[in-house]
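To start, the structure itself, in structure tokens.
The values are calculated or read from the model by the stated rules, or taken from the named source; none is laboratory data. None of these values were measured; they are calculated from a predicted model. We place every Cβ from the backbone using ideal geometry, glycine too, and count neighbours over all the protein chains shown. These accessible areas exclude ligands, DNA and RNA; they are computed on the full protein's heavy atoms, side chains included. Shrake-Rupley method; radii C 1.70, N 1.55, O 1.52, S 1.80 Å.
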Amino acid sequence: MQNDRKSSSNLASSTITSQAIGVFDSGVGGLTTVRKLVNMLPNERVIYFGDTARVPYGNKTAATVSAYTCECVEFLLEREVKVVIIACNTASALAMEAVQRISPVPVVGVITPAAEAALRSSRSGRIGIIGTRATVQSGAYQATIKNILEKQGLERDVEINVEINVEIIAEACPLFVPFAEEGWHYHPATRLVAEEYLAPLKIANIDTLILGCTHYPMLTDVIQDVLPNVRLINSGEEAVGVADAILHEQGIHAQERSLHRIVDCYISDKSTAFMSVAERFLGFPLGMAQEVRLKKW
Ligand code: DGL
């Protein structure tokens with residue numbers, strides 16, 4: 001069962017406040033989460049790792065995604081981050097437990113925060129989920145929603161609007177990833193593909209949709225256009241909210257704005273397109289991204 005949080009009692013020390021928040025993604029997409037993080041927690045420093053050499057994760061097996069994710073998270077842990085956010089939905093769906101086993105610091109995935117937000121938002125109980133094939137097929141979102149409903153509010157106070165009659169409609173939208181990277185946010189081809197992918201969700205009359213992939217916030221306008229009365233849940237933003245709550249609980253928020261670079265970006269392969277896509281996803285200049293070779297490959 002998903003459990004996207006891990007507490008660590010011995011973290012509350014004053015030196016920890018200045019440590020960075022580690023953000024992991026399979027590639028460039030997690031920068032949409034960093035964009036939210038920098039807006040919501042402007043004092044915090046971020047160390048980002050994008051596994052650009054091995055992206056996409058969305059069509060790989062659980063064992064592979066788990067092994068890759070743990071290796072990348074170890075890189076962040078070596079840099080003494082105080083919290084790890086797994087921005088990648090596929091990794092959150094398939095590798096959370098493995099990451100929690102190796103991490104001495106709290107780990108926040110996107111699945112539970114987004115599932116909770118969807119349950120808070122929905123009035124009708126008809127909730128849509130879109131993501132990569134691996135995320136949708138894992139059933140992680142579906143299982144987490146069910147789990148929250150079963151033990152309503154035991155772990156955290158989730159104010160749920162809907163009664164037990166929750167209906168979940170999940171659709172894989174793999175083509176959204178290249179369209180978002182291509183910058184085709186308003187392209188007619190994207191609109192056509194969105195209509196095709198989102199038709200079952202429209203027919204099911206959902207009132208809430210989880211954007212269960214790092215890239216989908218870049219296509220918010222077209223998705224909202226196809227599903228005009230549906231509340232969209234940005235899974236990365238919800239995860240940042242949970243990380244914020246953990247920093248608060250443990251008293252380890254950064255006290256002042258860092259004089260260092262705000263986002264230190266590491267990637268496992270530097271393609272020519274990376275920087276322009278990264279800066280578009282991030283919404284501000286990144287400056288540089290450092291290529292690193294991971295030990296095990
Ligand atoms: N970052 C992945 C996710 O959020 C999308 C890209 C990939 O398939 O690796 O699921």
**Complete:** When every residue in the range 76-111 that is closer than 23 Å to ILE262 by Cβ, part of a loop (DSSP other than H, G, I, E, B) and open to solvent by 20 Å² or more (accessible area, probe 1.4 Å) is compared, the one farthest from the ligand (Cβ to nearest atom) is GLU80
**Request:** Hey, could you check the range 130-139 for residues that are surrounded by fewer than 24 Cβ atoms within 10 Å (Cβ to Cβ) and assigned to a helix (DSSP H, G or I) and say which is farthest from the ligand (Cβ to nearest atom)?
**Result:** GLN137
**Message:** If ILE127 meets every condition in (1) within 12 Å of the ligand (Cβ to nearest atom); (2) open to solvent by less than 40 Å² (accessible area, probe 1.4 Å) apart from one, which number is that one?
**Reply:** (1)
**Request:** Test VAL73 against the criterion of being of a type outside the set (D, E, K, R), over 26 Å from ILE127 (Cα atoms), within 16 Å of the ligand (Cβ to nearest atom) and not in a helix (DSSP H, G or I), and give yes or no.
**Result:** no
**Subset of the range 232-253 that is open to solvent by less than 20 Å² (accessible area, probe 1.4 Å) and among the aliphatic types (A, V, I, L, M) - its residue that is nearest to the chain's Cα centre (by Cα)** = ALA239
**Complete:** Selection from the range 281-297 of residues in a loop (DSSP other than H, G, I, E, B), touching a strand residue (DSSP E or B) at 6+ places or on another chain (Cβ under 8 Å) and open to solvent by less than 20 Å² (accessible area, probe 1.4 Å) yields LEU286
**Item:** Number of positions in the range 140-160 that are modelled with pLDDT of 90 or more and open to solvent by 70 Å² or more (accessible area, probe 1.4 Å)
**Value:** 1
**Request:** For HIS253, state whether it is in contact (Cβ under 8 Å) with a residue 12 or more places away in the chain and of a type outside the set (A, V, I, L, M).
**Result:** yes
**Complete:** In the range 17-32, residues that are within 14 Å of the ligand (Cβ to nearest atom) and either surrounded by fewer than 22 Cβ atoms within 10 Å (Cβ to Cβ) or closer than 18 Å to SER268 by Cβ (or both) total 9
**Message:** Whether any residue in the range 207-215 is surrounded by fewer than 22 Cβ atoms within 10 Å (Cβ to Cβ) and in contact with a helix residue (DSSP H, G or I) (Cβ under 9 Å, 6 or more places away or on another chain) is what I want to check.
**Reply:** yes
